[in-house]
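Accompanying notes for the structure given below.
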Amino acid sequence: MALENYRDISVGGADVDSGFQFEFYCQCCDRRWKSTFKPHRMGQFSGLLMRFGFLFSSVRSAGYATGNFADMGAGGAKAKAFDEAMQRARTMYTECGGCHHGVCDDCWDSRQQECVECVTKERQGAALADRQQSEAAATASNMTCPSCQCVTAGGRFCGECGYDMASTFKSCPTCGVMAARNARFCGDCGHGF
């Protein structure tokens, strides 16, 4: 399986600096490694002829001709350089099975066989699920009716007195004014709830 955490920094075509090089990087911490520069001699020779082509017209046409040959031969040489770089990069980077990112040894958890980002996400997800479960259990066990103080199993109305458990307000039975659900006395007439 080929790593995908690379970019091609080769200089192609008929250029004096023609050659192949690839840069690999960790997709967690962005640590980088460059493969060794593999010169493309035919491209370099063509580039040299092209530079001196302005002096002699016959050299210029030879430069164009060798440039075409250099472009044709570059594909195989580039593939070979890439294969060598990929073999070396496989010893330095590992592909995570969870997120499919290429990561360096520092970002690889060998015990979990995943990158540290995936391990962290799993731990955060498990902690969130535990917290939600404990909150739900605490809420279910602490459900008591504010009117009659009976323990309820949930639902909108109290099974003992019929109190509306979902409302946030209650009305005074004496004067009908709305009061907060946790109010102990009516703010208008002083009736005790």
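A few notes on this one:
- Residue match in segment 73-92 (condition: hydroxyl-bearing (S, T, Y), under 29 Å from K38 (Cα atoms) and over 17 Å from the mean Cα position of the chain (by Cα)): yes
- The residues in segment 72-131 that are in contact (Cβ under 8 Å) with a residue 24 or more places away in the chain and of a type in the set (V, I, T) can be counted, and the count is 2.
- Residues considered: A89, A79. Of these, the only one that is under 30 Å from R41 (Cα atoms), assigned by TED's automatic domain parsing to the domain that holds Y25 and surrounded by 16 or more Cβ atoms within 10 Å (Cβ to Cβ) is A89.
- Of the strands (runs of 3 or more DSSP E) entirely within segment 100-193, those holding at least 1 residues that are of a type in the set (D, E, K, R) and either at positive phi or not assigned by TED's automatic domain parsing to the domain that holds C26 (or both) occupy 169-171.
- Complete set of residues in segment 89-99 that are among the small types (G, A, S) and either assigned to a helix (DSSP H, G or I) or over 16 Å from T120 (Cα atoms) (or both): A89
The values are calculated or read from the model by the stated rules, or taken from the named source; none is laboratory data. Small disclaimer: the values here were computed from a predicted structure and weren't measured. As a convention, Cβ positions derive from the backbone with ideal geometry for all residues, glycine included, and neighbour counts pool all protein chains shown.
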